Amino acid sequence: MINPHETDIRLLKGIGDAKAKQLLRLGVLTVWDLLTYFPVRFENRTHISKIFDLSHDTISCINGIVISAPEEHYVRKGLTYYKVPVRDDTGIATCIFFNNKYIKDYLKKGYEYSFYGKVSIRGNKKEILSPEFEPSSQSQCTKCIVPIYPLTNGITQKFLRKTISEAYSAYSPYFKDFLPPKILQEYSLCSIDYSIKNIHFPSDLKALEIAKKRLVFEEFFILQTTLRKIKSAGKSISGFTFRDTDLSPFLSSLPFKLTNAQTRVMEEITKDISSPYVMNRLVQGDVGSGKTMIAAASIYMCTKNGYQAAMMAPTEVLARQHYNDLSPILSKFGINSALLTGNTSLKQRKDIYAKLKSGDIHAVFGTHALITDKVEFSKLALAITDEQHRFGVRQRMQLSEKGVGVHTLVMTATPIPRTLALILYGDLDISVIDELPPGRQKIDTYCVGEDMRQRMYSFIRKEIEKGNRCYVVCPSVEESEDSSLKSVEQHHTFLSQKVFPDIPMGIVHGKMRANDKEKSMTDFVDGNTKILVSTTVIEVGVNVPQATLMIIENAERFGLSQLHQLRGRVGRGTQKSYCILLCSSFSEETKERMKIMTQSNDGFKISETDLKLRGPGDFFGTRQHGELHFKIADLANDFSVLKDSGVAAEKLLKADPYLSSEENFYIREATNRLSEKLTL
């Protein structure tokens, strides 16, 4: 039986090896890949304008009869244009085509065509620049809703529309619907045939909306079903069973007591690692809630049971901080630790490799260097990933695959509302540290306008003179067309030359080389620089107790959760700390959002408010699903469909946990394919 999912694209008319190679760059290998290569946007070309009514600098569609053959105009080598005068019953316009000698063959005098393009009016002359066109009897690129696709060299919009149309005509009889009839009915979803046809060639806007809803639902549904299957499968994989889980020697050595929330999370982890199955758990907690100590306690239990533990962080500075903070605590119990990063010397690296393989090193802290091929463990039983949203699923798995039956603990300092967390981390069990340690001081937060800038500069200087340090965060790296936006490079130059020429100042942003970023952060940590001008790369950063002041430029441009993360970079020492949100404009929404920031330091409360005010877009940026990219779904705008699909996935797996029924055959196939993609 013909299966579009497995049919090679080269079986379509007009697609040889060369075209297939070009389509492969778009991820199109099979006929189904082509049919699900969805448009990024649509242009509504259904309205036909009269030439008399055309306006300058608009994009319009007209019907016009060609008055005379195209005229060729040579400007210089490499630039020739062709003028084609057309008329309707209200006036005359000229269509202009650049470097298109074939236009003479396509447009014939006396024939009527439809033209779609940008209008330019100079005096009485009306021109349409490089328009798309077709005979007025057709409606493939004019007089209809037209899909616009992402392209690559050698592939045009016209080619894609034509090829997709031919593929649909030839293969639609063989479509198999992933979704069972009861789900289609319960959520008012159209058939797969209708959705594929109308996502590419919608009959009207309503048909497009119906088609998109079904395809978005399906994409979310397959993702959430797959994640739940991965989670369920994990619960049946044998893991190292930790017999000795008595934490009291470790806890009694600490100069503080764990909070109730930390104790609850440790009980959840202990239950996991005491079972015969692998742990896959996410610990999320607000900035300063004590996630690192959870990691240390878990490492203690792992090594006391005779196994090894590894903790991976996204930057060398953060990995080094974890090593410096935890290795002295662990060493009291005879636990040997090491630090492995890209900058570890060759001699040290070889020594660490040998001791990890022999088991002489019990706990290792590091960066991506931990997942290189040369790293081998004697008996790895616990893999911890810190600030895990900076890693893809595959990277996280690469660390746990350094052993067999390894327990996985991932941590994030981004407080996410539980409804969202269950969707984002459907493959993980979730623990929440929703309580800050006693004595954690409140960071005083102020929202000010440009009129307070000079007073703010004076305040920065006072803090520096006290021996403290300051972050200044900007929303962009380089100067942009929006002159109101502060760029980190421009602002660093201004501050270091005009405002604080006597104060050592550093800069860090995402476009810098990794080594330069690390050096800039290290200089700030060590006190070689007193002010660090940065983009949001420091939202996941290191502990700098002397940093007492956070300045955020253009604060209205950031999500509340991101502002809260940035604010969490200060207030880590004994000195009083402050955050100043400097806004360049104050809409009613900005005022409401900044009010929340100045009144609350509760990350979970702030994230709930962020969800209500701005939707879930800010949160979904925190999960990288390996190589997964949504083809049509938009996590921020399709949230209601996302929730519905999650409910449907849960119901389905409750009724058929292994998707073994005949009705769920195609869902099982789709989830298997996605599961492979997530873990390859």
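Summary of computed values
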{"item": "Alpha-carbon gyration tensor eigenvalues x 5, square-rooted, for the stretch 47-105, Å", "result": "24, 13, 9"}
{"item": "Out-of-range pairs (alpha-carbon distance over 24 Å; input 231/355; 162/212; 374/517)", "result": "231/355; 374/517"}
{"item": "Qualifying chymotrypsin sites (Phe, Trp or Tyr not before Pro) in the stretch 235-301, DSSP loop, other Cβ atoms within 10 Å at most 13", "result": "256"}
{"item": "Computed accessible area, residue 665, all protein chains, 1.4 angstrom probe, square angstrom", "result": "80"}
{"item": "Of 109/158; 176/213; 576/605, those spanning more than 20 Å from alpha-carbon to alpha-carbon", "result": "109/158; 576/605"}
{"item": "Within straight-line cross-link reach of residue 77, lysines at Cα separation under 27 Å, skipping those fewer than 8 residues along the same chain", "result": "101, 104, 108, 118, 125, 126"}
{"item": "Label-to-label distance, nm, for residues given as residue 461 and residue 589 (7 Å Cα→Cβ offset)", "result": "3.8"}
{"item": "Residue 599-residue 522 FRET efficiency (beta carbon distance; Förster radius 41 Å; 0.05 resolution)", "result": "0.70"}
{"item": "Fraction of beta bridges assigned by DSSP in the chain that are antiparallel (%, nearest 5)", "result": "40"}
{"item": "Surface share of carbon and sulfur [accessible, 1.4 angstrom probe, percent] for the chain", "result": "51"}
{"item": "Kyte-Doolittle at least 0.0, axis length at least 15 Å by Cα - qualifying DSSP helices, the chain", "result": "205-234, 291-304, 639-655"}
{"item": "Value of relative contact order over the chain, rounded to a whole percent, pairs C-alpha under 8 Å and six or more apart", "result": "13"}
{"item": "Within straight-line cross-link reach of residue 332, aspartates and glutamates at Cα separation under 17 Å, skipping those fewer than 8 residues along the same chain", "result": "246, 360"}
{"item": "In range of the label at residue 378: residues from the stretch 328-359 whose backbone nitrogen is under 11 Å from the point 7 Å along Cα→Cβ", "result": "336, 355-359"}
{"item": "In nm, spacing of pseudo-spin labels at residue 90 and residue 76 (7 Å Cα→C-beta vector)", "result": "3.8"}
{"item": "With eigenvalues of the C-alpha gyration tensor scaled by 5 and rooted, the stretch 260-330, Å", "result": "20, 16, 12"}
{"item": "Charge sum, other residues only, whose C-beta stays under 12 Å from residue 441's C-beta, Lys/Arg counted +1 and Asp/Glu -1", "result": "+3"}
{"item": "Of 197/651; 291/595; 350/402, those spanning more than 26 Å from alpha-carbon to alpha-carbon", "result": "197/651; 291/595"}
{"item": "Kirkwood Rh in Å, taken over all unlike Cα pairs in the stretch 152-229", "result": "13.9"}
{"item": "Base-10 log of normalised Debye intensity for the stretch 492-562 (one unit scatterer per alpha-carbon) at q = 0.12, 0.14, 0.15, 0.28 Å⁻¹", "result": "-0.33, -0.46, -0.53, -1.46"}
{"item": "Per residue value of the accessible surface for the chain (all protein chains in place, 1.4 Å probe), Å²", "result": "47"}
{"item": "Sparse-neighbour loop sites [GluC sites (Glu not before Pro); the stretch 1-102; at most 10 other C-beta within 10 Å; DSSP]", "result": "6"}
{"item": "Relative intensity, log₁₀ I(q)/I(0), of the chain from a Debye sum that treats every alpha carbon as a point, q = 0.05, 0.10 Å⁻¹", "result": "-0.33, -1.11"}
{"item": "Modelled FRET efficiency - R0 41 Å, residue 493 with residue 44, Cβ distances, 0.05 increments", "result": "0.35"}
{"item": "Estimated [θ] at 222 nm from DSSP helical runs (n ≥ 4, -39500 (n - 2.57)) normalised by residues in the chain, nearest 500", "result": "-11500 deg cm²/dmol"}
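The values are calculated or read from the model by the stated rules, or taken from the named source; none is laboratory data. This structure is a prediction, so every number in the text was calculated from the model and none was measured. When we count neighbours, we look across all protein chains shown, and the Cβ atoms used for this are built from the backbone with ideal geometry, even at glycine. Quick note on the areas: whole protein, heavy atoms, side chains included, nothing else; ligands and nucleic acids left out. Shrake-Rupley method; radii C 1.70, N 1.55, O 1.52, S 1.80 Å.
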